[in-house]
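Handing you this structure, nothing more for now.
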Amino acid sequence: MKLDAPLIKGEVALVGAGPGDASLLTLAAAKLIGDCDVIVYDALVSESVLEMAAVDAELIQAGKRGGRASTSQEDICDRLISLAQQGKRVVRLKGGDPFVFGRGGEEVRALAQKNIPIRIIPGITAGVAAPAMAGIPVTDRSVNASLAFLTGHEVEEKSRMDWQALVKAFPVLVFYMGAKNLHRIAAQLLDAGLAEETPLAIIYAATLPEESVTEATIKQAAAGEVEARSPSIIVIGDVVAERKHWRKDLNL
Ligand code: SAH
């Protein structure tokens, strides 16, 4: 299997763009981004990645951003189908990994239904990359044998989450899309029995120039004392205490 072989006419590659910095792209992603007719990209895809497109490639933004009205998922699928049916070589570029909270599955289903050839190139997901940039291991033998990736997008009073089961089963929780609901997430976890002093880290815009990392306790977050902006990954658990400030030394 040659994942990085040139796309054929009418093929759509669902490509993970990683967390932001272009140096974290896979070799296959870099190759296909540099050799396709059209790139349909999400709002989270960074400038440095888009700069790798061939000069004559058409760039179409189709992303969603924080609930603001934007292209609907159905429109995006229709667009991909129509581009493929025109014989274009299409790269569908998504932040991080296409299948991690990226709705990649829906697009693959829509394309497959029309018998459009597809290729899937995984990317480094933000839930792993952002903690790594901050020097936080998402698993550490002294702390956890499991971890959970969750979306904080729909954390309301009556959420689908079983908070007590979560706290019991997973020593480490990694939230995507949790910035807006941080205090609510923290309050639910406290309620479910998580210790007040459990550390958390908010990693904003990992690998991008505006990156920042904030550390706090779950108690402070539940009290609304901690600010979080989007896009951020929120890591909750004792792995945060294992943080190593590696980039200061390396000047990265
Ligand atoms: N498919 C993506 C996730 C899309 S959901 C992936 O695998 O990474 C969007 C969420 O991803 C954001 O709300 C944020 O929680 C996270 N995210 C994406 N890029 C990020 C970055 N550079 N820094 C911090 N969080 C990021």
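On the given criteria, is ASP4 at negative phi and part of a helix (DSSP H, G or I)?
no
Looking only at the stretch 75-96, decide whether some residue is in a strand (DSSP E or B), farther than 23 Å from ILE233 by Cβ and not charged (D, E, K, R).
Scanning the stretch 75-96 turns up at least one residue that is in a strand (DSSP E or B), farther than 23 Å from ILE233 by Cβ and not charged (D, E, K, R).
So that you can scan it fast, the table gives a plain yes or no per residue for (1) in contact with a Leu (Cβ under 9 Å, 6 or more places away or on another chain); (2) open to solvent by 40 Å² or more (accessible area, probe 1.4 Å):
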residue	(1), (2)
THR26	yes, yes
CYS36	yes, no
ILE39	yes, no
LEU44	no, yes
LEU59	yes, yes
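Here's another thing I want to ask about it. Just give me the residues in the stretch 163-203 being farther than 21 Å from GLY127 by Cα and among the charged types (D, E, K, R), in sequence order.
Answer for the stretch 163-203, where residues must be farther than 21 Å from GLY127 by Cα and among the charged types (D, E, K, R): ASP191, GLU196, GLU197.
Could you check how many residues of the stretch 188-241 are assigned to a loop (DSSP other than H, G, I, E, B), in contact (Cβ under 8 Å) with a residue 12 or more places away in the chain and within 16 Å of the ligand (Cβ to nearest atom)?
Total meeting the criteria: 11.
Any residue in the stretch 82-104 that is on the phi < 0 side of the Ramachandran plot sitting within a Cβ distance under 9 Å of a residue that is within 16 Å of the ligand (Cβ to nearest atom) and of a type in the set (Lys, Arg)? List the pairs, counting only those 6 or more apart or interchain.
LYS94/ARG103; PRO98/ARG92; GLY102/LYS94; GLY104/ARG92; GLY104/LYS94
Next question. List pairs: first residue in the stretch 161-181 and under 13 Å from THR198 (Cβ atoms), second residue open to solvent by 50 Å² or more (accessible area, probe 1.4 Å) and of a type in the set (Phe, Trp, Tyr) anywhere in the structure, Cβ distance under 9 angstrom, at least six positions apart or on different chains.
LEU173/PHE149
What are the residues in the stretch 88-103 that are open to solvent by less than 20 Å² (accessible area, probe 1.4 Å) and either modelled with pLDDT of 95 or more or more than 6 Å from the ligand (Cβ to nearest atom) (or both), if any?
Hits for the stretch 88-103 are VAL90, VAL91, ARG92, LEU93, LYS94, GLY96, PRO98.
Would you mind stating whether ALA134 is within 16 Å of the ligand (Cβ to nearest atom), within 30 Å of VAL12 (Cα to Cα) and not charged (D, E, K, R)?
Numbers: within 16 Å of the ligand (Cβ to nearest atom): yes; within 30 Å of VAL12 (Cα to Cα): no; not charged (D, E, K, R): yes.
The answer is no for ALA134.
Can we say ARG109 is more than 11 Å from the ligand (Cβ to nearest atom), without any contact (Cβ under 8 Å) to a residue 40 or more places away in the chain and in the same structural domain as ALA30 (by TED's automatic domain parsing)?
Here the answer is yes, as ARG109 does meet what is asked.
The values are calculated or read from the model by the stated rules, or taken from the named source; none is laboratory data. A quick note: this is a predicted structure, and the numbers were derived from the prediction, not measured. Using ideal geometry, Cβ is built from the backbone for each residue, glycine included, and neighbour counts are taken over all protein chains shown. Remember, those area values only see protein heavy atoms, side chains included, never the ligands or the DNA or RNA. Shrake-Rupley method; radii C 1.70, N 1.55, O 1.52, S 1.80 Å.
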